[in-house]
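A short write-up of the structure that comes next.
The values are calculated or read from the model by the stated rules, or taken from the named source; none is laboratory data. Predicted, not measured: the structure shown is a model, and the values here were computed from it. Cβ placement follows ideal geometry from the backbone for every residue including glycine, while neighbour counts extend to all protein chains displayed.
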Amino acid sequence: MTPKERLLTTLRLKVPDRVPMDLTGFNREAFRLFKEKTGSDNPAEYFGAEYDYGWVGFKGSKIDPKMYARFHKNLPEGARFNEWGTAFVVGSNPAFDHFIAPLTDVKSIEEFKDYPLPDFTAEYRHKHLEEEVSRIHQQGLAAIGGMACTIFEVSWQIRGFNELLTDFLIRREYAEALLDRITELSCFRARRFAEAGVDIIHIGDDVGMEHKTMMSRDLWWEWLGSRLSKVIESARQVKPDVLFYYHSDGYVEPFIPDFINIGIDCLNPVQPECMDPAKLKQKYGDRLAFWGTIGIQTTMPFGTPEDVRREVKERIGTVGRGGGLVIGPTHAIEPEVPLENIFAFVNAVKEYGKY
């Protein structure tokens, strides 16, 4: 099988020649340490990892993000802006970046309607997509269109986390005004990815904590699920066979039936510290593929190489049974992960992953 065929066969819940592996993410401090220790700037090549896909995305905006400074007061020194107007101060680790929302103190719905959003519809941001997809396909890889932080995370970074959740309950018109605008942009992006011919679209928002969800299933459906359904439909009107990969860290099991109902094909990252991957496979594996499952909070940083091998073997034997598993660490590699454990992961997948 080509790498593209292997990945798409897996996500369509059929049996490939072997289990696809994913070792593409290192956080910035882990990557710095990796280069310092090895002299390499290519982890996949250094560890002998295989990969089955390439990313495509919209180009960066030409709009000066400093235009958003007028929405902020008393920003700390060194604050930067992302393209949504959220200010942030870089931490020692991406998990420690401090976000400062621009619309925490709004007084009217008009402020949401007038707030400037990114120019994704501008041609210069997406006219290259077809060419990028073609280049990836020529390498025998699947093309993934990246649009993580699809609705919820972008919205709370603009409004403020506590403020947005409060809006869901008592200032509904505020939440509707913001989320509907974000959803419209996400529908456009998904549609353009489908027009460009991507095989998979990566959507998602973190809605899980360690052992519970951030909101009830009813609230999730009302504010997020119903809108994600529109995003998926926008793409499938253009390319009916495009696959959707949904990312949320943490415990999200109560939402899984709705994920399936709106057309999500694959769930990532399936943290074993939060949910039992084998039980999820048993309950949902005939309708949903799983991507991840190797603990980045436990086994990868703090286990031995033999612990890593044992976990890989167990996941392939349970979650990988009959297809439907892309195996990998459940988050970017962190600085605490020993190089020996990464080698153990790659070698174990090669040893145990053949069907």
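Odds and ends about this structure:
- Among residues of segment 224-272, those that are in contact with a His (Cβ under 9 Å, 6 or more places away or on another chain) and touching a residue at least 40 places away in the same chain (Cβ under 8 Å), counted: 10
- The set of residues in segment 220-237 that are in contact with a helix residue (DSSP H, G or I) (Cβ under 6 Å, 6 or more places away or on another chain) and either of a type in the set (A, V, I, L, M) or exposed (fewer than 15 other Cβ atoms within 10 Å of the Cβ) (or both) comprises LEU224, VAL231, ALA235.
- Residues in segment 238-274 that are surrounded by fewer than 21 Cβ atoms within 10 Å (Cβ to Cβ) and among the aliphatic types (A, V, I, L, M) were compared, and the one that is nearest to ASP206 (Cα to Cα) is ILE256.
- Breaking point among (1) in contact (Cβ under 8 Å) with a residue 40 or more places away in the chain; (2) in contact with a helix residue (DSSP H, G or I) (Cβ under 7 Å, 6 or more places away or on another chain), for ASP41: (1)
- Under the condition of being under 30 Å from SER226 (Cα atoms), not acidic (Asp, Glu) and not in a loop (DSSP other than H, G, I, E, B), the residues counted in segment 129-152 number 8.
- Among the residues examined, PRO272 qualifies as modelled with pLDDT of 95 or more, touching a strand residue (DSSP E or B) at 6+ places or on another chain (Cβ under 7 Å) and under 29 Å from ASN27 (Cα atoms).
- Residues of segment 66-92 classified as within 21 Å of ILE182 (Cα to Cα), touching a His at 6+ places or on another chain (Cβ under 9 Å) and not in a loop (DSSP other than H, G, I, E, B), total: 3
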